[in-house]
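Here the structure is laid out as structure tokens; the discussion comes afterwards.
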Amino acid sequence: MQKCQKCSTQFTWKAIQKSLLWGYKPISCSSCSSTHEISSLSRIGLVLFTTAMPMLLVFNPILDLRIELETALYILWVILVIGIAPLFVKYSIK
Ligand SMILES: [Zn+2]
């Protein structure tokens, strides 16, 4: 998982999730307080995972799911993506 680029302190799962939920808010290191911003690649990846992919899978006319089910699946998917996102997003010092 992501570490501070200056002092190698590991960011907490919670800190990263909080950053994502607050619209990619920069993370301050807990020990040296340097500010890290999410990389644009991670940002694009997250957008693809939370919008493009579920659109293709859930809103697929061939599967013909009911709208309630599609919405429920979509919400579950987004929760899952945000849940595991701290494993793959990258942050770097501004
Ligand atoms: Zn640090």
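If the condition is being open to solvent by less than 20 Å² (accessible area, probe 1.4 Å) and either within 27 Å of TYR74 (Cβ to Cβ) or without any contact (Cβ under 8 Å) to a residue 24 or more places away in the chain (or both), then region 3-26 contributes ILE16, SER19, LEU20.
Name the helices (runs of 4 or more DSSP H) wholly within the chain that hold at least 2 residues that are within 16 Å of the ligand (Cβ to nearest atom)?
Helices (runs of 4 or more DSSP H) meeting the threshold: 13-21.
Being touching a His at 6+ places or on another chain (Cβ under 7 Å) and in contact (Cβ under 8 Å) with a residue 24 or more places away in the chain is the requirement here; does PRO54 meet it? No.
The values are calculated or read from the model by the stated rules, or taken from the named source; none is laboratory data. It should be emphasised that the depicted structure is a prediction, and the values quoted were computed from it without experimental measurement. Positions of Cβ are generated from backbone atoms using ideal geometry, with glycine treated the same way; all protein chains shown enter the neighbour counts. To get the accessible areas, we keep the full protein, side chains included, count just its heavy atoms, and leave off ligands, DNA and RNA. Shrake-Rupley method; radii C 1.70, N 1.55, O 1.52, S 1.80 Å.
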